[in-house]
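Asker: After the structure tokens below, expect a handful of questions from me.
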Amino acid sequence: MSNLTGAVWRKSGRSGGNGGQCVEVADNISGVVGVRDSKDPSGPALTFDPQTWKAFVGFAKRA
């Protein structure tokens with residue numbers, strides 16, 4: 001499990017202002033990208049290496 005202490009979490013600008021059903025991403029920690037549910041910020045987070053995350057985002061943009 002990666003240490004996400006010091007993570008700066010952000011949501012997409014397209015998530016809207018209603019505060020629901022969003023994911024937050026933290027990519028400010030060297031060697032790891034964290035992803036969590038915005039409705040449960042103290043809950044579990046998934047972690048990815050930056051190359052895997054970049055590939056996922058690239059695929060999602062093409063879909």
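The values are calculated or read from the model by the stated rules, or taken from the named source; none is laboratory data. Given the structure is predicted, the values throughout are model-derived calculations rather than measurements. Cβ atoms come from the backbone with ideal geometry, glycine included; neighbour counts cover every protein chain shown.
Asker: Please pick out the residue among V33, V25 that is surrounded by 10 or more Cβ atoms within 10 Å (Cβ to Cβ), modelled with pLDDT of 95 or more, among the β-branched types (V, I, T) and in contact with a helix residue (DSSP H, G or I) (Cβ under 6 Å, 6 or more places away or on another chain).
Answerer: When all the criteria are applied, what remains is V33.
Asker: Inspect all residues belonging to the range 48-57 and state whether any of them is in a loop (DSSP other than H, G, I, E, B) and among the β-branched types (V, I, T).
Answerer: Taking every residue of the range 48-57 in turn, none turns out to be in a loop (DSSP other than H, G, I, E, B) and among the β-branched types (V, I, T).
Asker: Let me ask something additional. With respect to A26, is the statement that it is outside any loop (DSSP other than H, G, I, E, B), over 16 Å from S2 (Cβ atoms) and of a type outside the set (D, E, K, R) true?
Answerer: no
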